[in-house]
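The values are calculated or read from the model by the stated rules, or taken from the named source; none is laboratory data. These numbers come from a predicted model, not from an experiment. A quick note on method: Cβ atoms are made from the backbone with ideal geometry, for glycine too, and the neighbour counts reach across all protein chains shown. Calculation scope for accessible area: heavy atoms of the full protein, side chains included, ligands and nucleic acids excluded. Shrake-Rupley method; radii C 1.70, N 1.55, O 1.52, S 1.80 Å.
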Amino acid sequence: MTKEEAANGRDDMIIDGPEQANAVPDGFNANYLRIYYGKLFPHADIFKWLSYGNDGKHPACDKSYVGRREFSFTLENDIYIRFQSFNSVSEMENSIKEKCPFKIDIGPVYSVDPAKRHAYAQSGDNVFTPVERELVFDIDITDYDDVRYCCTGADVCLECWPLMTIAIKVIDTALRDDFGFNHILWAYSGRRGVHCWVCDGKARRLTNEQRAAIADYFRVYKGNENSNKKVSLPGLVLHPFLARSYTEVLKGFFEGKLLSNQNLLSSEERYEKILEMIPDASVTSELRGRWQDNKRSSMSKDDINIVRWEQLKQILQSGKQKAQGLRRCVEEIVFSYTYPRLDMEVSKHMNHLLKAPFCVHPKTGRVCVPIDPNNCDEFDPTTVPTLSQLLEELNKGGLRQDAENGWERTSLGESIAFFRSSFLQPLLKSCKEEIESSYNAKLQQSKNNTLSW
């Protein structure tokens, strides 16, 4: 595909020969996106996921299910189209290809077709209401700006991205071990964060009150941006979930990486933020005196952040500091800097929209690929495939003969294969078993009712 072909939005992938220039100019535009939606976006996989087995031929399948799901498109120039619905994968695919949305958001399953909500409203009955929705979590690196010094705002680098990795580890473990959920999809947001979709049937059917209770289970941040102490860990012992998170994930990350990567104790401005979290003036005065008067020798090979942290721990956890509150200060500091910061409102309400996986972020051109929670340490946001990179790979692959499986020959292939094998296939197997079990239970109940007559 030459530059002129890309500019004209052609998607027939004419390749003139092996010597043809394959380079595609960097950037994001509707013409690139049109080719992506035509050749690479996994329409069928997304539709199968959101059908939850109801697109099959089993008599218990709810044929109206996926048609009651809201899709929202953001078009070029921030034109929003909400409350769209699709009854088949071809209908969804054709709409996406035609409208070429810069962003696709997924909403809840409603009681009626959202595209026909006005007709139901005129009947006078309040029947248009969300009835099902994945339990979702949204974590954004910008919410960590007070504890990272390498980047601010939407910028992210390999020094601060591990904060997202830690969030995945803590939340994923709790969702599986504490709540018993199995079908969890993590996805890169395309720029500065991660999204989590909990797709078990019992998760999708949670009420807003139950969602709020789960979100609150994860909440430790009680203060605001003006509070010196944003985390409060009451009680003689930590809740088992918090204790596990601290010992297995947070403590090692804070001491082994974050302290040095972000130089948290290297300057007065930075260590004062930590000293402000200690409620005992005599302790803070002693540490401040040490750190101001006893400057590190220029010959010392020890990391000043590690040295000062060990001094802080030694004082706070020594025998003379009997108060439980002071001993707990070390844990509260670690939690303040490392614990996941959730957008609570996204998780609490069924009607919140969330960006679909495999969208392309218009600011970065990067695809919102799934993240394997078991190998999230290896995820590098700077190497996620970009739109122009994928078109270049398509160009090199010569896909006129095999357009259907174009993604297999690009760097997107691994992500789609992971989505299918690790998330979609186990999910659909579980959904089919649930549909069959429910159907058999209803049959048995019907037989029992007949016999009772």
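Give the angle, between 0 and 90 degrees and rounded to the nearest 10, that separates the Cα long axis of helix 324-338 from the longest principal axis of the Cα atoms of the chain.
40
In whole Å, what is the distance between the alpha-carbon centres of the stretch 130-170 and the stretch 56-113?
27
Can you list the trypsin sites (Lys or Arg not before Pro) in the stretch 334-440 that are in a DSSP coil and have 15 or fewer other beta carbons within 10 angstrom?
Of the trypsin sites (Lys or Arg not before Pro), the ones in loops of the stretch 334-440 whose Cβ has at most 15 other Cβ atoms within 10 Å are Lys363, Arg400.
Considering just Cα atoms, how many Å³ per residue does the convex hull of the chain enclose?
Convex hull of Cα atoms, per residue: 198 Å³.
I'd like to compare 49-55, 75-81, 283-289: which one has the highest average count of other Cβ atoms within 10 Å, and what's the full order after that?
Those peptides, ordered most packed to least, come out 49-55, 283-289, 75-81.
Using helices alone, I'd like the mean residue ellipticity at 222 nm for the chain: each DSSP H run of four-plus residues gives -39500 (n - 2.57), total over residue count, nearest 500.
So the calculated ellipticity at 222 nm is -11500 deg cm²/dmol.
Between Ser422 and Glu269, what FRET efficiency follows from the Cβ-Cβ distance if R0 is 45 Å, with the result rounded to 0.05?
0.55
Once phi is turned into θ = phi - 60°, what whole-Hz ³J(HN,Hα) does the Karplus curve with 6.51, -1.76 and 1.60 give for every residue of the stretch 168-175, x standing for Gly and Pro?
Per residue, the Karplus-derived 3J(HN,Hα) values read 4, 4, 5, 5, 4, 4, 5, 4 Hz.
Tell me which chymotrypsin sites (Phe, Trp or Tyr not before Pro) from the stretch 160-223 have a DSSP coil assignment and no more than 16 other beta carbons within 10 Å of their own.
Phe179
Please give the per residue accessible area of the stretch 63-129, computed with a probe of 1.4 Å over protein heavy atoms only, in Å².
50
Taking the 0 to 90 degree range and rounding to the nearest ten, how far is the long axis of helix 30-39 tilted relative to the main principal axis of the chain, both from C-alpha atoms?
Its long axis makes an angle of about 70 degrees.
In 10 Å bins starting at zero, report the fraction of Cα pairs in the stretch 20-167 per bin as a rounded %.
9, 27, 29, 24, 10, 2, 0
Per the 1.4 Å probe, what fraction of the accessible area of the chain, in percent, lies on carbon and sulfur atoms?
47
Compute the angle between helix 89-99 and the longest alpha-carbon principal axis of the chain, please, reported from 0 to 90 degrees and rounded to the nearest 10.
70
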